[in-house]
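First the structure, in the form of structure tokens, and then the observations on it.
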Amino acid sequence: MADSEPVYRVYVIGDDGGIQARFDIDSVNDADAKAYAELLMAGRPVELWCGTRKVATLEPQGNPQRRQLEF
């Protein structure tokens, strides 16, 4: 990816409201970054940020079973 593409951060939110995991994404725009963030949800809410700008808060739909992320 080109150096001029913005770096987005996806924060996976845990049951306690704290950050469970963080992923950095290079993306050409907000829509593409949001689509990628949806893949990282693992049944948990996520926040998508670009620098200091909060792009979106994504909540799991319905009542999916939450998975514990392992690294």
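Derivation of every value follows stated rules applied to the coordinates shown; laboratory data play no part. Values in this document were obtained by computation on a predicted structure and should not be read as measured data. Note that we place each Cβ from the backbone using ideal geometry, even for glycine, and neighbour counts take in every protein chain shown.
Quick notes on this one:
- Pair list, Cβ < 8 Å and 6+ apart or interchain, from segment 11-28 residues that are without any contact (Cβ under 8 Å) to a residue 40 or more places away in the chain to residues that are β-branched (Val, Ile, Thr) and surrounded by fewer than 15 Cβ atoms within 10 Å (Cβ to Cβ): 11/19; 13/19; 24/7; 25/7; 26/7
- Residue identified as over 9 Å from the mean Cα position of the chain (by Cα), surrounded by fewer than 16 Cβ atoms within 10 Å (Cβ to Cβ) and not aliphatic (A, V, I, L, M) among 15, 24: 15
- Residues in segment 27-49 that are charged (D, E, K, R) and either farther than 16 Å from residue 61 by Cβ or buried (at least 16 other Cβ atoms within 10 Å of the Cβ) (or both): 30, 32, 34, 44, 47.
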